[in-house]
Amino acid sequence: MWESSATKSVINGKLAAQEFPFTVNHVNVDHGVEMSYIDTDPNRTLHGPPVVFMDGNPAYSYLWRNIIPHDNHNRYLDAFFSKMVGSGKVILVLHDFGSLFGLNWARRHPEQVTGIVLMEFLPPMPTWKDTGELSEELHNALIGSPENLRKVTIDDNVFIELFMQDQVIRTLSPAQLDHYRKPFLDPENRESIYEMAKIFPVAGNPAEVYQAVENYNSWLLENEIPKLFFWADPGKIIPLELSKYHSENLKNVKSGPRKALLTGGPPSFDRARDQGMARDGWNFG
């Protein structure tokens, strides 16, 4: 889904809510390893499959408030779904690194997936020239200086203080920024951001991660699972040409109303309510 232009004044006029009225829960998934999650329907009073939101790096559940090493990550995610969903069906809403793990899980469990919502997911990127704006910034600031990777990620906290704000057309309020900073106030808690930065899949590296991306992308282009695809101009992760390619070649893909589209950053930042309404009006098959 695409919109050619947007302005800060328009976006700020529809400022997203900054409250976070949810309870963060925790579940043990593997030998003392816990995963945090939010359940908006713990008593299962709603009908239909649960909708699982998987955000990117360094975002967490706060990203969805208005919408409401690699093998280890897969093992933890498998255990999480096993405990929380079992063999039931789900709808996946995926963004950024959330797509890396979510699509890998979906490829291995297609019988459980009834719908996929994609927002600037991670496709195969053979070279750094095939990446979007944010990926180029990541390359220049992080990967381009590997000796500095840990310092800028953990000590300088650039993902929160620079990249997070750079992705947004409008201006994040101090309260919203504080929500995003909260899980990473302690430098030790930024290790997960650092680990993600190290495995950003591009130009065939890291080999295992890049192969996983190629595998799920091939599966994604061939399967008939209903999809809703949001993309941006300019793309922060996916260049415009690659977004258009996927929008034209994905099977059983639909787009919402034009007003639900965005420019320059994740839909959940700048077009949360429109994106949510587009998802609500989507027929999951």
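What tally of residues in the stretch 90-136 results from selecting those that are over 15 Å from S243 (Cβ atoms), surrounded by fewer than 24 Cβ atoms within 10 Å (Cβ to Cβ) and touching a Pro at 6+ places or on another chain (Cβ under 8 Å)?
4
For F20, are the conditions met, namely being at pLDDT below 70, under 19 Å from the mean Cα position of the chain (by Cα) and on the phi < 0 side of the Ramachandran plot? Spell out how you get there, then give the answer.
Values: at pLDDT below 70: yes; under 19 Å from the mean Cα position of the chain (by Cα): yes; on the phi < 0 side of the Ramachandran plot: yes.
So F20 passes the test.
Do we have any residue at all in the stretch 216-224 that's in a helix (DSSP H, G or I), at pLDDT below 90 and crowded, with 20+ Cβ neighbours inside 10 Å?
Taking every residue of the stretch 216-224 in turn, none turns out to be in a helix (DSSP H, G or I), at pLDDT below 90 and crowded, with 20+ Cβ neighbours inside 10 Å.
Would you mind telling me which numbered condition in (1) in contact with a helix residue (DSSP H, G or I) (Cβ under 8 Å, 6 or more places away or on another chain); (2) among the polar types (S, T, N, Q); (3) in a helix (DSSP H, G or I) S87 fails?
With respect to (1) in contact with a helix residue (DSSP H, G or I) (Cβ under 8 Å, 6 or more places away or on another chain); (2) among the polar types (S, T, N, Q); (3) in a helix (DSSP H, G or I), S87 is out only on (3).
Are any of the residues in the stretch 167-179 at pLDDT below 75 and farther than 24 Å from H246 by Cβ?
Yes, the stretch 167-179 contains at least one residue that is at pLDDT below 75 and farther than 24 Å from H246 by Cβ.
Considering only residues of the stretch 174-215 that are outside any helix (DSSP H, G or I) and loosely packed, with under 13 Cβ neighbours inside 10 Å, which is farthest from the chain's Cα centre (by Cα)? Give the derivation first.
Of the residues in the stretch 174-215, the ones outside any helix (DSSP H, G or I) are 185-186, 199-206.
If we keep only those that are loosely packed, with under 13 Cβ neighbours inside 10 Å as well, we get 185-186, 205.
Values: L185: 21, D186: 23, N205: 20 Å.
Restricting to residues being outside any helix (DSSP H, G or I) and loosely packed, with under 13 Cβ neighbours inside 10 Å, the top hit is D186.
Show the residue pairs that are 6+ apart or on different chains and have beta-carbon atoms under 9 Å apart, the first residue being within the stretch 27-45 and among the acidic types (D, E), the second being assigned to a strand (DSSP E or B).
So the pair list comes out as E34/H26; E34/V27; E34/N28; D39/N25.
What number goes with the only condition from (1) farther than 25 Å from A232 by Cβ; (2) modelled with pLDDT under 85 that E188 does not pass?
The single condition E188 does not satisfy is (2).
Anything in the stretch 200-239 that is farther than 22 Å from V93 by Cβ and either among the aliphatic types (A, V, I, L, M) or touching a Phe, Trp or Tyr at 6+ places or on another chain (Cβ under 6 Å) (or both)? List them, or say none.
Residues satisfying the conditions are V202, A203, G204, A207.
The values are calculated or read from the model by the stated rules, or taken from the named source; none is laboratory data. What you see is a predicted model; the values in this text were computed from it and never measured. For neighbour counting, all protein chains shown are included, and Cβ atoms are generated from backbone atoms with ideal geometry for every residue, glycine included.
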